[in-house]
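Asker: This is the structure I have questions about; it appears just below.
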Amino acid sequence: MAEYDYDVLVIGAGPGGYVAAIRAAQLGLKTACAESRETLGGTCLNVGCIPSKALLHASELFEEASHGAFAKFGIEVEGAKLNLEQMHAEKKKAVGELTGGIEYLFKKNKVTWLKGKASFTDASTVTVGEQTVTARDIVIATGSSVTPLPGVEIDQKVVVDSTGALALPKVPEHLVVIGGGVIGLELGSVWRRLGAKVTVVEYLDQILPGFDGEVRKESAKLFKKQGFELKTGTKVTGVTVEGETATVSLEPANGGAAETLTADAVLVAIGRKPNTDGLNLEAAGVKLNNRGQVEIDHDFATNVDGVWAIGDVAPGLMLAHKAEDEGVAVAENIAGQTGIVNHDVIPSVVYTMPEIAGVGLSEEAAKEKGEVKVGKFPFMANSRAKTNRDTDGFVKVIADAKTDRVLGVWIVSSLAGTMIAQAAQAMEFGATSEDIAYTCHAHPTHSEALKEAAMAVRGKPIHV
Ligand code: FAD
Ligand code: NAI
């Protein structure tokens, strides 16, 4: 029988990889994780979820303090000033604490961190920097990186990607965001709140592809109210930079008169692509699909025995919690257990203000599958939201017309990201809208809006 250095080698220590490594070690497997960054935690902890949420939180506080939002509550704040350096320092501290936390968890669970870039020699042999190691099972969890826009060079000074936009040393006067997706709206919100004029250029007719149609429309309305300029149905044909000024050339997506925008910062946020370059997957014989993702089956197994893939490098939503759940499942499958992820019930959250969240099918997608009933409830009629002067948004519940089973839930609200967990749990348990409507919800909470939207599916909410 072949002897291996490790039972399991995970490549990449993002939310997918570090979770897979810890779970494998917890299950008694001798585990190593290769990571080429200086710190663990992948995109999410280093240059994604965590620093973006740190800046979203801080910039929201700044906007509230500096724009008189507290005054109506009898709190008068005078002379609120931005200290951007301190804002970045606090963000860095949060990132350091969390990435350090993963290092601690690796030590606690006896996961060996192999520092360096990993590349396959064959299906069970990998070089990591100078070392060569063998493992019985190998999990590819190399994540994703920014999709470049042909002809637009990212210099991380004037033209930045999300990593550059998380570290701008001064507030731009005019930030042009290319791509009205999650990154564009979150990071656009950060810099708008700190004082930038923000123009979002989106190729499609609406922002936030993949979200429910009504939610996309409502979100666009709210972003415009906040001062965003949204140029939908518009494509960027080029960006030129001279000194500290960029000229962005635009055209209507369906053809028409061209125009230019002048900006001192341009954020390219048109999606992300799987990281497979340099892995030498050919040496292992691992197949990619036509989108460049590692092809896997329901158990996260690739076409090669003993090689698995999870997270952004594999098909599905590019989200940290999806990667984490796959990390647990793949480790359990490697250990001979049954690890499953229900990809129909993965919540998505945009952490703007209000937050925008959804789980399951949009109304449009649900209608393609059959007859549906829809219930909606506005936060304008929710007592807690009204009390907090926080009435933007609504909850929408989409249920199967025959069985009443909940197929999708969409929430626009300051607390949407937290509230959506309840909807996901209900759907995971196969709930009907009636199950949610007859569950007692604490009063006064924003969550009551979910209960009332579920009541509205059958036409009978109390408060509208
Ligand atoms: P990654 O986190 O990308 O980790 C992969 C790791 O593998 C990296 O550290 C990389 O250095 C390493 N690696 C790659 N190749 C090799 C190699 N050959 N050898 C060794 N190491 C290698 N998702 C959310 O759910 N919520 C959010 O709020 C959120 N915010 C985001 C904000 C931004 C700005 C961005 C860019 C992304 C955000 N995401 C968010 C997405 C989230 O970061 C990803 O879905 C998640 O990080 C994917 O995890 P992963 O483990 O698959 O890959
Ligand atoms: P995205 O896929 O969310 O949005 C990209 C947008 O760019 C789309 O609306 C697309 O139509 C548009 N686009 C594409 N090409 C274009 C062009 N040439 N000109 C103008 N518009 C163009 O991708 P984004 O925002 O880059 O984020 C990448 C991924 O990172 C997301 O899909 C998400 O999975 C993850 N992420 C998640 C977050 C969260 O969960 N809160 C936060 C940030 C990122």
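Asker: Taking the stated definitions as given, is Gly143 loosely packed, with under 15 Cβ neighbours inside 10 Å and not charged (D, E, K, R)? So that I can check it myself, show each step before the final result.
Answerer: Details: loosely packed, with under 15 Cβ neighbours inside 10 Å: no; not charged (D, E, K, R): yes.
It is false that Gly143 is loosely packed, with under 15 Cβ neighbours inside 10 Å and not charged (D, E, K, R).
Asker: Identify, by number, the condition in (1) under 30 Å from Ala284 (Cα atoms); (2) crowded, with 20+ Cβ neighbours inside 10 Å; (3) within 16 Å of ligand 2 (Cβ to nearest atom) that Ala118 doesn't meet.
Answerer: Of (1) under 30 Å from Ala284 (Cα atoms); (2) crowded, with 20+ Cβ neighbours inside 10 Å; (3) within 16 Å of ligand 2 (Cβ to nearest atom), only one is false for Ala118: (3).
Rundown of residues vs (1) loosely packed, with under 14 Cβ neighbours inside 10 Å; (2) modelled with pLDDT of 95 or more; (3) closer than 27 Å to Val8 by Cβ, yes/no style:
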{"site": "Leu82", "(1), (2), (3)": "no, yes, no"}
{"site": "Gln86", "(1), (2), (3)": "yes, yes, no"}
{"site": "Lys93", "(1), (2), (3)": "yes, yes, no"}
{"site": "Glu103", "(1), (2), (3)": "no, yes, yes"}
{"site": "Lys107", "(1), (2), (3)": "yes, yes, yes"}
{"site": "Val111", "(1), (2), (3)": "no, yes, yes"}
{"site": "Leu114", "(1), (2), (3)": "no, yes, yes"}
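Asker: When you scan region 269-281, do you find a residue that is over 24 Å from Ala165 (Cα atoms), without any contact (Cβ under 8 Å) to a residue 40 or more places away in the chain and either among the hydrophobic types (A, V, I, L, M, F, W, C) or assigned to a helix (DSSP H, G or I) (or both), even just one? If you could, list the steps in order and put the result at the bottom.
Answerer: The initial filter retains those residues of region 269-281 that are over 24 Å from Ala165 (Cα atoms), namely 276-281.
Still in the running and without any contact (Cβ under 8 Å) to a residue 40 or more places away in the chain: 277.
Next, from what is left, pick out any that are either among the hydrophobic types (A, V, I, L, M, F, W, C) or assigned to a helix (DSSP H, G or I) (or both): none.
No, region 269-281 contains no residue that is over 24 Å from Ala165 (Cα atoms), without any contact (Cβ under 8 Å) to a residue 40 or more places away in the chain and either among the hydrophobic types (A, V, I, L, M, F, W, C) or assigned to a helix (DSSP H, G or I) (or both).
Asker: In region 319-352, which residues are surrounded by 19 or more Cβ atoms within 10 Å (Cβ to Cβ), aliphatic (A, V, I, L, M) and part of a loop (DSSP other than H, G, I, E, B)?
Answerer: Passing the criteria: Leu319, Val341.
Asker: Test Gly430 against the stated conditions and say whether it is modelled with pLDDT of 95 or more and surrounded by fewer than 20 Cβ atoms within 10 Å (Cβ to Cβ).
Answerer: Yes; evaluated as a whole, the condition is true for this residue.
Asker: Go through (1) of a type in the set (D, E, K, R); (2) surrounded by 24 or more Cβ atoms within 10 Å (Cβ to Cβ); (3) within 16 Å of ligand 1 (Cβ to nearest atom) for Asp161 and report which single condition fails.
Answerer: It is condition (2) that Asp161 fails.
Asker: If I filter region 318-339 down to residues being small (Gly, Ala, Ser) and without any contact (Cβ under 8 Å) to a residue 40 or more places away in the chain, which single residue comes out as nearest to ligand 2 (Cβ to nearest atom)?
Answerer: At the first step, the residues of region 318-339 found to be small (Gly, Ala, Ser) are 320, 323, 327, 329, 331, 335-336, 339.
Now drop any that are not without any contact (Cβ under 8 Å) to a residue 40 or more places away in the chain, which leaves 329, 336.
On the way: Ala329: 19, Gly336: 31 Å.
Result: Ala329.
Asker: Scan region 189-226 for residues that are in a loop (DSSP other than H, G, I, E, B) and within 20 Å of Ser52 (Cβ to Cβ) and jot them down. Don't jump to the end; show me each part of the working.
Answerer: Of the residues in region 189-226, the ones in a loop (DSSP other than H, G, I, E, B) are 194-196, 202-212, 226.
Scanning region 189-226 gives Leu194, Gly195, Ala196, Glu202, Ile207, Leu208, Pro209, Gly210, Phe211, Gln226.
Asker: Could you check region 402-432 and list, in sequence order, the residues that are small (Gly, Ala, Ser) and assigned to a strand (DSSP E or B)? Explain how you work it out, then say what you get.
Answerer: Pass one, region 402-432, residues small (Gly, Ala, Ser): 408, 413-414, 416-417, 421, 423-424, 426, 430-431.
Selection gives Gly408, Ser413.
Asker: Sticking with this one: Which one is farthest from ligand 1 (Cβ to nearest atom) among residues in region 206-215 that are surrounded by fewer than 22 Cβ atoms within 10 Å (Cβ to Cβ) and without any contact (Cβ under 8 Å) to a residue 60 or more places away in the chain?
Answerer: Going through the qualifying residues, I end up with Gln206.
This table checks each residue for (1) more than 30 Å from Trp191 (Cβ to Cβ); (2) basic (Lys, Arg).
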residue: Asp344; (1), (2): yes, no
residue: Gly370; (1), (2): yes, no
residue: Pro378; (1), (2): no, no
residue: Lys396; (1), (2): no, yes
residue: Leu415; (1), (2): no, no
residue: Ala423; (1), (2): yes, no
residue: Ala431; (1), (2): yes, no
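Asker: While we're on this one: Could we say that Gly164 is within 16 Å of ligand 2 (Cβ to nearest atom), out of contact with any Leu (no Cβ under 7 Å at 6 or more places or on another chain) and under 24 Å from Gln86 (Cβ atoms) here?
Answerer: Details: within 16 Å of ligand 2 (Cβ to nearest atom): yes; out of contact with any Leu (no Cβ under 7 Å at 6 or more places or on another chain): yes; under 24 Å from Gln86 (Cβ atoms): yes.
For Gly164, the condition - within 16 Å of ligand 2 (Cβ to nearest atom), out of contact with any Leu (no Cβ under 7 Å at 6 or more places or on another chain) and under 24 Å from Gln86 (Cβ atoms) - is met.
Asker: Kindly indicate which of Asp435, Asp392 is in a loop (DSSP other than H, G, I, E, B) and surrounded by 15 or more Cβ atoms within 10 Å (Cβ to Cβ).
Answerer: Numbers: Asp435 fails: in a loop (DSSP other than H, G, I, E, B).
Result: Asp392 is the single residue among Asp435, Asp392 that is in a loop (DSSP other than H, G, I, E, B) and surrounded by 15 or more Cβ atoms within 10 Å (Cβ to Cβ).
Asker: Oh, and also: As an exercise: evaluate Asp299 against (1) out of contact with any helix residue (DSSP H, G or I) (no Cβ under 6 Å at 6 or more places or on another chain); (2) in contact (Cβ under 8 Å) with a residue 24 or more places away in the chain; (3) more than 16 Å from ligand 2 (Cβ to nearest atom); (4) acidic (Asp, Glu) and give the number of the one condition it does not meet.
Answerer: Failing condition for Asp299: (1).
Asker: Could you grab me the full set of residues in region 302-317 that are surrounded by fewer than 19 Cβ atoms within 10 Å (Cβ to Cβ) and either free of Cβ contacts under 8 Å to residues at least 24 places away in the same chain or within 16 Å of ligand 2 (Cβ to nearest atom) (or both)? Talk me through it step by step, then tell me what you get.
Answerer: Of region 302-317, the ones surrounded by fewer than 19 Cβ atoms within 10 Å (Cβ to Cβ) are 303-306, 315-317.
Hits for region 302-317 are Asn303, Pro315, Gly316, Leu317.
Asker: Right, something else. Would you tally the residues in region 126-147 being assigned to a loop (DSSP other than H, G, I, E, B) and over 17 Å from Gly48 (Cα atoms)?
Answerer: Step one: list which residues in region 126-147 are assigned to a loop (DSSP other than H, G, I, E, B), which gives 129-130, 141-143, 147.
Next cut, over 17 Å from Gly48 (Cα atoms) only: 129-130.
Result for region 126-147: 2.
Asker: Something else: Every residue in region 239-253 that is out of contact with any Lys or Arg (no Cβ under 6 Å at 6 or more places or on another chain), more than 17 Å from Val160 (Cβ to Cβ) and touching a residue at least 40 places away in the same chain (Cβ under 8 Å), please.
Answerer: In the first step, residues of region 239-253 are kept if they are out of contact with any Lys or Arg (no Cβ under 6 Å at 6 or more places or on another chain); the result is 239-250, 252.
Narrowing the set further to residues that are more than 17 Å from Val160 (Cβ to Cβ) leaves 249-250, 252.
The one that is out of contact with any Lys or Arg (no Cβ under 6 Å at 6 or more places or on another chain), more than 17 Å from Val160 (Cβ to Cβ) and touching a residue at least 40 places away in the same chain (Cβ under 8 Å): Leu250.
Asker: A follow-up question, please. Looking at region 148-184, which of its residues are in a helix (DSSP H, G or I) and either charged (D, E, K, R) or out of contact with any strand residue (DSSP E or B) (no Cβ under 6 Å at 6 or more places or on another chain) (or both)? Spell out the reasoning first.
Answerer: First, the residues of region 148-184 that are in a helix (DSSP H, G or I): 162-165, 182-184.
Selection gives Ser162, Thr163, Gly164, Ile183.
Asker: Give me the helices (runs of 4 or more DSSP H) completely within region 1-106, filtered to those with at least 2 residues that are in contact (Cβ under 8 Å) with a residue 24 or more places away in the chain and more than 11 Å from ligand 1 (Cβ to nearest atom), ordered by residue number.
Answerer: Helices (runs of 4 or more DSSP H) meeting the threshold: 15-26, 49-66.
The values are calculated or read from the model by the stated rules, or taken from the named source; none is laboratory data. Keep in mind that what you see is a predicted model, and the values were worked out from it rather than measured. Please note: Cβ atoms are built from the backbone with ideal geometry, for glycine as well, and neighbour counts cover all protein chains shown.
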